[in-house]
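A.B. asks: One structure coming up, written as structure tokens, with questions to follow.
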Amino acid sequence: MSEPIHVIGGGLAGTEAAWQIARRGRRAALWEMRPARCTPAHQTDRLGELVCSNSLKSEQPDTAPWLLKEELRRLDSLLLALAESARVPGGHALTVDREIFAERITAAIEREPLIELRREEITVLPDGMVIVATGPLTSDALAREIARITGSTHLYFYDSISPIVEAESVNTSIAFRASRYGKSTTGTDDYLNCPFDRAQYEAFLDALLEARSVPAHIPEDRTPYFEACLPIEELARRGRETLRFGPMKPMGLTDPRTGRRPYAVVQLRQEDLRAASYNLVGFQNHLRFGEQERVLRIIPGLERAEFLRFGQMHRNTYINAPALLTSTLQLRNRPDVFFAGQISGVEGYVESIATGLAAGMHAAALASGGQPEALPRETALGSLCHYISGADAARYQPANITFDLLPPLPEAVREHLRHDKKARHAEVCRRALAALEKYCHAYV
């Protein structure tokens, strides 16, 4: 009998990976340390237990979250099917009863004869093929092992994520393109700059100081911040001029509308591998999402900004995937080791399920003597894996699925649909599902 593929972690990514291995006729050993060793966030020993929310995001057709879920359905995802069976009313979102969802995942895994569930902590990677899907609360012992095989400089324990805005929602009659002192790393001006006069800065600061923070989900989220990477609201509390001498310093910039240096500035940096979107440089924060939207729209030029991602700061063990992984989620220096879920650098429940599915599918192909084939770049899942493996390793931040991860439509199509965003998104979805169908005929 063939050796099993070891899957470490019984969360969303790990259970989906084990299921995909089994449905391809391979054996899987699924390792879950609970209940022998608990985490600060989980309440039960059930597999796939949701911690922070019961929402798997939008089911509105032709949105990015819908597209990723639709791709998973077409790839026969166990967890998407179980989410449908545990669904509760949630408007346009796929929301589930957490207890029923976890119970059904656990029952499905325990019933599958090709999956052996092993309830013990892993501290050293087993011999043979392995999928690491241990999530953001990876145990300290296993984190040390991952650091050993990947290099300690490639393992992070806390996120500090800045918000991302859709490029076309930035008012470029206010925001101007320039690099500090005219210095550019690319030969063109690298940043969009949102300039403040003094009154605008003071109003922004007041709103920021009044904004409500996110309550800690788990004890680790109360860990003191790193001094080198403080949230903007903490900087603001340290003095009204602190932001002007930190992430909002205006030095080396001239507002072309006034011919003078702004009183303060927010810089927007184009996202590597994320088409048509900008990162608010140094604007990591721990505010509620609704508060972020309200406060950040006070920034001149962002009055009508559409946010693709809000800022976050929380415990999240993850690897610097672009420095380590291929687009099939394999370690470059050890192709028999795969990573999936939040430890690979994705954010979100569905994204974790998706990378678990991809890792399980690719590991089964490798175990069967084949060569894993990356999913098409045009698909949401293919673009998510492409981002994980191909982003700028020096500036890597975890990502949710958004349309800006997918390649742009051909220029002629974009021009034809220039004034109809819904039609553009519908065409991106149509193209993705057509590419997935072709891929499935060839490889699945």
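A.B. asks: Within the stretch 138-174, how many residues turn out to be surrounded by fewer than 22 Cβ atoms within 10 Å (Cβ to Cβ) and more than 25 Å from Val281 (Cβ to Cβ)?
C.D. replies: Within the stretch 138-174, residues that are surrounded by fewer than 22 Cβ atoms within 10 Å (Cβ to Cβ) and more than 25 Å from Val281 (Cβ to Cβ) number 11.
A.B. asks: Could I ask something else about it? Return only the number of the condition from (1) farther than 27 Å from Glu437 by Cα; (2) at pLDDT below 90 that His92 does not satisfy.
C.D. replies: With respect to (1) farther than 27 Å from Glu437 by Cα; (2) at pLDDT below 90, His92 is out only on (1).
A.B. asks: Let me ask you something else. Under 8 Å between Cβ atoms, at least 6 apart or on separate chains: pull out the pairs that start in the stretch 307-326 with a residue that is in contact (Cβ under 8 Å) with a residue 60 or more places away in the chain and of a type in the set (Phe, Trp, Tyr) and end on any residue that is assigned to a strand (DSSP E or B) and open to solvent by 10 Å² or more (accessible area, probe 1.4 Å).
C.D. replies: What qualifies is Phe307/Glu166; Tyr318/Leu155; Tyr318/Tyr156.
A.B. asks: Next question, about the same structure. Could you list all residues from the stretch 401-432 that are in contact with a Leu (Cβ under 8 Å, 6 or more places away or on another chain) and open to solvent by less than 20 Å² (accessible area, probe 1.4 Å)?
C.D. replies: Within the stretch 401-432, Ile401, Thr402, Asp404, Leu405, Leu409, Val428, Cys429, Ala432 meet the criteria.
A.B. asks: To continue, here is another question. If I ask for residues that are open to solvent by less than 90 Å² (accessible area, probe 1.4 Å) and part of a loop (DSSP other than H, G, I, E, B), which ones from the stretch 247-262 would you list? Don't jump to the end; show me each part of the working.
C.D. replies: Our first condition is that a residue be open to solvent by less than 90 Å² (accessible area, probe 1.4 Å); within the stretch 247-262, this holds for 247-255, 258-259, 262.
Once the filter is applied, which keeps residues that are open to solvent by less than 90 Å² (accessible area, probe 1.4 Å) and part of a loop (DSSP other than H, G, I, E, B), the stretch 247-262 yields Pro247, Met248, Lys249, Pro250, Met251, Gly252, Leu253, Thr254, Thr258, Gly259, Pro262.
A.B. asks: Turning to a different aspect of this structure: Is there any pair with a first residue in the stretch 140-167 that is within 30 Å of Glu293 (Cβ to Cβ) and a second that is open to solvent by 20 Å² or more (accessible area, probe 1.4 Å) and among the aromatic types (Phe, Trp, Tyr) whose Cβ atoms are under 6 Å apart and which are 6 or more apart or on different chains, and what are they?
C.D. replies: Partner pairs satisfying both residue conditions: Pro163/Phe307; Pro163/Phe310; Val165/Phe307.
A.B. asks: If you don't mind, there's one more thing I want to ask. Given the residues Ala41, Ala36, which is the only one that is surrounded by fewer than 23 Cβ atoms within 10 Å (Cβ to Cβ), at pLDDT below 90 and more than 23 Å from the chain's Cα centre (by Cα)?
C.D. replies: Ala36
A.B. asks: Further question on the same structure: Evaluate the following for Leu205: is it assigned to a helix (DSSP H, G or I), aliphatic (A, V, I, L, M), modelled with pLDDT of 85 or more and open to solvent by 10 Å² or more (accessible area, probe 1.4 Å)?
C.D. replies: no
To keep it simple, each residue is scored yes or no on (1) under 16 Å from the mean Cα position of the chain (by Cα); (2) of a type in the set (Asp, Glu).
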{"residue": "Leu117", "(1), (2)": "no, no"}
{"residue": "Pro126", "(1), (2)": "no, no"}
{"residue": "Val130", "(1), (2)": "no, no"}
{"residue": "Thr138", "(1), (2)": "no, no"}
{"residue": "Ala141", "(1), (2)": "no, no"}
{"residue": "Glu145", "(1), (2)": "no, yes"}
{"residue": "Phe157", "(1), (2)": "yes, no"}
{"residue": "Ile161", "(1), (2)": "yes, no"}
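A.B. asks: Go through the stretch 379-397 and count every residue that is farther than 25 Å from Tyr439 by Cβ and not charged (D, E, K, R). Let's see the steps before the verdict.
C.D. replies: First, pick out the residues of the stretch 379-397 that are farther than 25 Å from Tyr439 by Cβ: 392-397.
From what's left, not charged (D, E, K, R): 393-394, 396-397.
Final tally of qualifying residues: 4.
A.B. asks: For a quick check of your reading: which helices (runs of 4 or more DSSP H) sit entirely within the stretch 327-444 and have at least 2 residues that are in contact (Cβ under 8 Å) with a residue 24 or more places away in the chain and in contact with a strand residue (DSSP E or B) (Cβ under 9 Å, 6 or more places away or on another chain)?
C.D. replies: Filter on the stretch 327-444 gives 349-367, 380-390.
A.B. asks: Please name all residue pairs, on different chains or six or more residues apart, with Cβ atoms under 9 Å, provided the first residue is in the stretch 73-89 and is free of Cβ contacts under 8 Å to residues at least 40 places away in the same chain and of a type in the set (D, E, K, R) and the second residue is assigned to a strand (DSSP E or B) and open to solvent by 10 Å² or more (accessible area, probe 1.4 Å).
C.D. replies: Every condition considered, the pairs that remain are Arg87/Thr95.
One line per residue, one yes/no per condition, for (1) under 28 Å from Tyr439 (Cβ atoms); (2) open to solvent by less than 50 Å² (accessible area, probe 1.4 Å); (3) modelled with pLDDT of 95 or more:
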position: Arg46; (1), (2), (3): no, no, no
position: Ser53; (1), (2), (3): no, yes, no
position: Lys69; (1), (2), (3): yes, yes, yes
position: Leu78; (1), (2), (3): yes, yes, yes
position: Arg98; (1), (2), (3): no, no, no
position: Ile105; (1), (2), (3): yes, yes, yes
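A.B. asks: Of the residues Gly345, Gly301, only one is modelled with pLDDT under 95 and more than 27 Å from Lys438 (Cβ to Cβ); which? Quick ask: steps written out before the conclusion?
C.D. replies: Working: Gly301 fails: modelled with pLDDT under 95.
When all the criteria are applied, what remains is Gly345.
A.B. asks: Here is a further query. Looking only at the stretch 107-125, which residues are closer than 20 Å to Ala367 by Cβ and surrounded by 14 or more Cβ atoms within 10 Å (Cβ to Cβ)?
C.D. replies: Those that are closer than 20 Å to Ala367 by Cβ and surrounded by 14 or more Cβ atoms within 10 Å (Cβ to Cβ): Ile109, Glu112, Leu114, Ile115, Glu116, Leu117, Arg118, Ile122, Leu125.
Yes or no, residue by residue, for (1) in contact with a Ser or Thr (Cβ under 9 Å, 6 or more places away or on another chain); (2) crowded, with 22+ Cβ neighbours inside 10 Å; (3) within 23 Å of Tyr439 (Cβ to Cβ):
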position	(1), (2), (3)
Asn279	yes, yes, no
Phe289	no, no, no
Glu293	no, no, no
Arg297	no, no, no
Tyr349	yes, yes, no
Ala359	yes, yes, yes
Arg377	yes, no, yes
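A.B. asks: What number of residues within the stretch 379-390 satisfy the criterion of being under 12 Å from the mean Cα position of the chain (by Cα) and either open to solvent by 30 Å² or more (accessible area, probe 1.4 Å) or more than 20 Å from Arg73 (Cβ to Cβ) (or both)?
C.D. replies: Residues that pass the stated criteria total 2.
The values are calculated or read from the model by the stated rules, or taken from the named source; none is laboratory data. None of the values given here were measured: they were computed from a predicted structure. Ideal geometry is used to build each Cβ from the backbone, glycine not excepted, and the neighbour counts take in all protein chains shown. Only protein heavy atoms, including side chains, enter the accessible area calculation; ligands, DNA and RNA are left aside. Shrake-Rupley method; radii C 1.70, N 1.55, O 1.52, S 1.80 Å.
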